[in-house]
C-alpha cells in the first residue's frame, strides 16, 4: 500500500477527470483500469478509486519515474543480473568438462535470475512501505 494514496469511494462521488488518459503505465494492483493526469495516478476498482501523486510522469520521463517512484524495479533487475552472472559462472566452472555445461549453466543462471530478481523487487517494495 502506498501511504500517500487517497481512497475515493464511488458511492460517495463518481470521480474521474475528463482530461485523464487511460494508461498501461504503472502497477494495476488489481484495478480494472488506471489513468494518468500529469503526475496524478488514478486506479479504478469496482467500488472505489485510489489516487496518488508520482514524483515523475512516466510518459514524459520513464527512467526518471523508475528512479524516483519505482526503484524496486532497478533493484529487481540488478539483483537478477548479478545472480545470473554469479550462478551461471560458478556452475560452468564446476562442470566445465561435463556435456551440456553451457546449457546447464545458462539454465541455472536463468533460475537464479528470476528468484533473485523477484526477491530484490519484493523486499524493496516492502521497505518502501515503511
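Values in this text are rule-based calculations from the coordinates and carry no lab data. Quick caveat: nothing in here was measured; it's all calculated off a predicted structure. Note that we place each Cβ from the backbone using ideal geometry, even for glycine, and neighbour counts take in every protein chain shown.
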Specify the residue with the greatest mean-square fluctuation among 19, 44, 72, computed from a Gaussian network of the chain linking alpha-carbon atoms under 10 Å apart. 19
Modelled FRET efficiency - R0 25 Å, residue 28 with residue 6, Cβ distances, 0.05 increments: 0.90
Once you wrap a convex hull around the alpha carbon atoms of segment 70-128, what is its projected area averaged over all directions, in nm²? 3.5 nm²
Can you compute the FRET efficiency between residue 14 and residue 37 using 1/(1 + (r/R0)^6), with r the Cβ-Cβ distance and R0 = 22 Å? Round to the nearest 0.05. 0.85
With Kirkwood radius over Cα pairs in Å as the read-out, I listed [x] 15.5; [y] 17.1; [z] 16.6; which label goes with the value calculated from this structure? [y]
Please report the spacing between the Cα centers of segment 7-43 and segment 107-130 in Å, no decimals. 28 Å
What is the chain's relative contact order, in percent, from Cα pairs under 8 angstrom and six or more apart in sequence? 20 percent
For segment 6-61, the Cα gyration tensor yields equivalent-ellipsoid semi-axes (√(5λ), largest first, whole Å) of 19, 11, 10
